[in-house]
Ligand code: AMP
């Protein structure tokens, strides 16, 4: 089973993807985590990525598509995967379709976590309070830019998946366990 989890920054994609990974024995592929690891490695690519991520802008499609292409063909993805943070643009979604068709695979479910912007801003404020802003993009100003990027570049993908008949919306403002229950009712019992 191959799944995409969509949602604005702070909607809980990472949290829910990890739960699905454990319960369904699928592989979580978080492009944000992979990019942060690349930055931490202080490679040349990491240096280029650092400023882009800190500003809340999107990394170029070519880089991301190559990273994901390598990951989904690994044996650990054989049972299926959860894409957390990918695709974020239409060219990424189309490239994913091409990669999957070469592997005779497809996306089974696209789950969208819906959360109001004012709640996302409250959540980032508490994350900064709790962690002291551990992530370079943990600031209200950057969050506002990330929300804008989501609305202008990523949300337009939703009709693309709706047309394929795989898109399901979930209220991401419910308690974590209730969001998980909604997702499990879409995916079927683990
Ligand atoms: P995330 O942890 O998914 O919120 O991602 C953190 C940051 O990594 C984003 O704000 C982007 O700068 C970058 N990023 C993650 N995934 C992608 C993607 N699919 N395309 C472009 N940039 C991405």
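What value does region 67-139 have for Rg/Rh, both radii from Cα atoms and Rh as Kirkwood defines it?
With Rg and the Kirkwood Rh in hand, the quotient comes to 1.10.
Run a plain Debye calculation on the chain (Cα atoms as equal point scatterers, no solvent) and give log10 I(q)/I(0) at q = 0.08, 0.10, 0.18 Å⁻¹, rounded to two decimals, same order as the q list.
Listed by q, the Debye log ratios stand at -0.24, -0.39, -1.37.
Could you give the length gained on full extension between residue 162 and residue 136, defined as 0.36 nm per residue of separation minus the Cα-Cα distance, in nm?
Result: 6.0 nm gained on full extension.
FYI, it's all coordinate maths here, none of it is from the lab. The structure displayed is predicted, hence computed values, not measured ones.
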